[in-house]
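Chemist: Attaching a single structure in structure tokens format; questions to follow.
Read-outs: derived from the displayed coordinates by stated rules, not from any lab. Owing to the predicted nature of the structure, the values given are computational and were not obtained by experimental measurement. So basically every Cβ, Gly included, is an ideal-geometry build from the backbone, and we count neighbours across all protein chains shown.
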Amino acid sequence: MSIAFGRARPLWLATITIFAATGCANTGGLQSNNRGGASGQSDLNIFESTFANPDPCANSSRNTGIAVGVGLGAILGAVIAPKNKVAAAAIAATAGGIAGGLVGHAVDSRRCALSKIAAKHDLIYTAAPLEVRAADTGKTEQIGSSFTIVDTTRHTQFETGSAELTPDAKVYFAEIAEQYRTSTRLAEASGDGDKAAAANAKILLIGHTDDMGNSELNADLSERRARTVAKLFAEHGVAAGNVFYQGAGETLPIADNRIEEGRAQNRRVEIVDLAGARTDILQSYASSRVPKYQYYRPLSSQQDDARVQAASVKPGQTQTAVAQRPARPKMAQTSTTRIAAAPSGSTSKPIEAVSTATPDSIDFGWRETMPAAIGLRFAATPVSPSFSLMSKAVADEAPVTKSCMNDRPRVSHAMKSVADDQAVPVRDHVQNLYGSSWGATLNGQYLALKDVSVLRNGSTAGTKPTLLVWKDYQQSGGLAGPAQVRLSPEVNAYAVDGGVLYRVFVNNAAVFDCADIIFANGKATAGELVRHKSSQYFTVEYVPVIART
């Protein structure tokens, strides 16, 4: 053992030298939540104090960077100089440790500065590093950080129903933006590689809401608010080409929407800092996020909550507080169907026909069923995300609602660049769900879904698909003629065990209410259409096949 220690002594000396040169972990930093002096720090062991210190002004990332740098440098040095592996490893470890320490120090400095801004303005915030897991090796590395400011009654970030920042929010968001200034990051970087990574670091501003009100309106408002903050970042020295924004709406909750405290936590602005040499890091991050399904509420629960909120308005009290978030819509039954008024080749345009009260106009071969029997069999076990927050995960994963009849669309908008407001293309999709077309025959009708796309996380649907129906298509010339029905339904996607649940919301009495399709290994393995009439429910199996062109 003494021989092994003797051989390792240069590495220990290199590590100790680096810590001494750059300063040990700061155990006396900001303790905004600790009123008892240093007692909180005394509970930390030496490992936690050095590498996992909860103090936002401790040098945890710097120390981790040193440790990783020493290890990688030692391996590289031993490979390069095989004749004197120990000495070479010590020299390379010193260089690697210094580089890793400098990178980590920049992360620590920014985290500490942000915590002081939050304390100065009495803000409620969360901060956590982001890590990426390589698909081939399973190893993880830190690639950025997430800093989130939660909306509170004392510190509202935006004017009611508006994308305009409050006067106080303009001040603290400007101070926060200064911490991400591109010129500052370049000054902190060491070496050409680090400077290139600093110059290309991406900042993504994400607007989040609770699940009260209309989902599409929530997504629209959250996008406009995220854009406001993104423009402020660009005005304060972050290169506009590196600033992006997204309105995630209600799709990425972090707390229970059933209680007001949870809804308040979900109303937030998140600052995602992706440092990277990888050119596709923004796209990879977007296609790897997996929502916390346990915070998704079924439709019935949301409707009950909306009724309670409406009833809570006292006599003589204005409904402004309730009206801040639009009332939750009911399952609509008044969509429109586009019906071809003339055969193919005619110059006549399709006319808009409002759905009638006779939903039997398209017979897909419906069979009456009991409500409890509606729904496909699946296990809602989300895939492990490639990107994740390094924080304690919620253990009790609640299942996705079994039936599409108890669900509703949850709308999220695409990431956009603040430089030109154009959407960022994301091309990392689930197998065969990349804008493909699917279809099948049902009782003589041909039902197709065009432009079906789901990102790699299995939880984010791409653009809205187009739903097409050819009535009695075999007797009407097949698919050569125009479709008699053309709709653009909302969709949800859920990562389930072994595949993806693709949920389509049609809500059209002349067609059907909704559909569930499970895709696995590049094909549809199960599917069901659902509609109801008065108190009766009807279903039919629908397992489409991909259309090859």
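Chemist: Figure the gain on full extension for residue 116 and residue 464 (residue separation times 0.36 nm, minus the Cα-Cα span) and round it to one decimal in nm.
Modeler: 121.0 nm
Chemist: Evaluate E = 1/(1 + (r/R0)^6) for residue 139 and residue 294, where r is the Cβ-Cβ distance and R0 equals 35 Å; express this FRET efficiency to the nearest 0.05.
Modeler: With R0 = 35 Å, the Cβ-Cβ based efficiency is 0.80.
Chemist: Right, next: Name the long-range amide H neighbours of residue 369: under 5 Å, sequence gap of 5 or more, or other chain; modelled H, no Pro or chain starts.
Modeler: Sorted by chain and number, the residues that satisfy this are 537, 538, 539.
Chemist: Whole-Hz Karplus ³J(HN,Hα) for the stretch 110-123, in order, using 6.51 cos²θ - 1.76 cosθ + 1.60 and θ = phi - 60°, x for Gly and Pro?
Modeler: Coupling constants for the stretch 110-123: 5, 4, 5, 4, 5, 5, 5, 5, 4, 5, 4, 9, 6, 9 Hz.
Chemist: Something else about it: Can you run phi through the Karplus equation (6.51, -1.76, 1.60; θ = phi - 60°) for the stretch 492-502 and list ³J(HN,Hα) in whole Hz, with x for Gly and Pro?
Modeler: The phi angles translate into 10, 10, 10, 6, 10, 4, x, x, 10, 9, 9 Hz.
Chemist: Pick out, in residue order, every one of the GluC sites (Glu not before Pro) in the stretch 128-186 that is DSSP loop and has at most 15 other C-beta atoms within 10 Å; say none if there are none.
Modeler: Here the GluC sites (Glu not before Pro) that fit, given the DSSP loop and packing criteria, are 159, 164.
Chemist: Using the Karplus curve 6.51 cos²θ - 1.76 cosθ + 1.60 with θ = phi - 60°, what ³J(HN,Hα) values do you get for each residue of the stretch 367-373, in whole Hz, with x for Gly and Pro?
Modeler: Once rounded to whole Hz, the list reads 10, 5, 8, 7, x, 5, 8.
Chemist: Which entries in the list 402/523; 139/416; 231/450; 202/292 go over 26 Å, if you measure between the two C-alpha atoms of each?
Modeler: Pairs exceeding 26 Å: 139/416; 231/450.
Chemist: Here's something else I'd like to know. Report the full-extension gain for the segment residue 170 to residue 533: residue separation times 0.36 nm, less the Cα-Cα distance, to one decimal in nm.
Modeler: Difference between extended and current length: 125.5 nm.
Chemist: Shape call for the stretch 134-197 from the C-alpha gyration tensor, a ≥ b ≥ c root eigenvalues: rounded (a/c under 1.5), prolate (a/b greater than b/c) or oblate?
Modeler: oblate
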